[in-house]
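Here's the structure we're looking at; comments come further down.
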Amino acid sequence: MVVNAPGALAKADTQATATIGQTFKYRITVPATPVSVPLYDVRILDDLRGSAANLSFVSANVVSGGTWTLTNTGTSTNIVLQDTAAGIDIPAGGQAVIEITVVLQDTSTNRAGLTFTNRASYTYDKINGLTASQGTGIAGTSAPMTVVEPALAIA
């Protein structure tokens, strides 16, 4: 079976603000709308360097859709999530929902009031076991988030 265009992924914030030095989560759904064909060996690509904020990968876990063992084969700022043993195979009509935890780094770029978004994409194999059949899914962008800083007052 050949997959031609499975559509975009969905990338959603789980909160409207992020505090410097704290972790927060994004939720990624592949594909955003279920399709009638399977997707094989899906790899989620999330280049955090494309955000206006300095972010770093902490962890990823499967929320629903399968029991994959997720591994980041990229870097802490250029994430490539995949299941290196069995692959993230999404059956026809299915979706993979993955939660990615990142930390908003304590850098001079990250200051109160900074608004940022984050974009992710994915690749998939059209034919199971044939990497030469790889396709690229449409990217998705999160809603804007705003950086907040802890307020400290001495009395």
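The values are calculated or read from the model by the stated rules, or taken from the named source; none is laboratory data. Since the model is a prediction, treat every value here as computed from it, not as a measurement. Neighbour counts run over all protein chains shown; Cβ positions are idealised from the backbone, glycine included. What goes into the accessible areas is simple: the full protein's heavy atoms, side chains included, and nothing from ligands, DNA or RNA. Shrake-Rupley method; radii C 1.70, N 1.55, O 1.52, S 1.80 Å.
Of all residues in segment 5-27, those satisfying the criterion of being part of a strand (DSSP E or B) and open to solvent by 20 Å² or more (accessible area, probe 1.4 Å) are Ala8, Ala10, Ala12, Asp13, Thr17, Thr19, Thr23, Lys25, Arg27.
For segment 106-141, a tally of residues being assigned to a loop (DSSP other than H, G, I, E, B) and surrounded by 20 or more Cβ atoms within 10 Å (Cβ to Cβ) returns 2. Under the condition of being hydrophobic (A, V, I, L, M, F, W, C) and crowded, with 18+ Cβ neighbours inside 10 Å, the residues counted in segment 81-94 number 3. Of all residues in segment 121-148, exactly one satisfies the criterion of being more than 19 Å from the chain's Cα centre (by Cα) and among the charged types (D, E, K, R), namely Lys126. With the requirement that a residue be open to solvent by less than 50 Å² (accessible area, probe 1.4 Å) and small (Gly, Ala, Ser), what does segment 40-58 give you? Across segment 40-58, the qualifying residues are Ser51, Ala53, Ser56.
Of the listed requirements (1) free of Cβ contacts under 8 Å to residues at least 40 places away in the same chain; (2) assigned to a loop (DSSP other than H, G, I, E, B); (3) farther than 23 Å from Val147 by Cα, Gly94 misses just one: (1).
Just one residue in the set Val97, Val37, Val30 is open to solvent by less than 40 Å² (accessible area, probe 1.4 Å) and modelled with pLDDT under 95; that residue is Val37.
Once segment 65-80 is narrowed to residues that are part of a strand (DSSP E or B) and within 28 Å of Ser108 (Cα to Cα), the residue that is least open to solvent (accessible area, probe 1.4 Å) is Ile79.
Considering Val103, Val62, Val148, the condition of being under 19 Å from Ala10 (Cβ atoms), open to solvent by 20 Å² or more (accessible area, probe 1.4 Å) and of a type in the set (A, V, I, L, M) is satisfied by Val62 alone.
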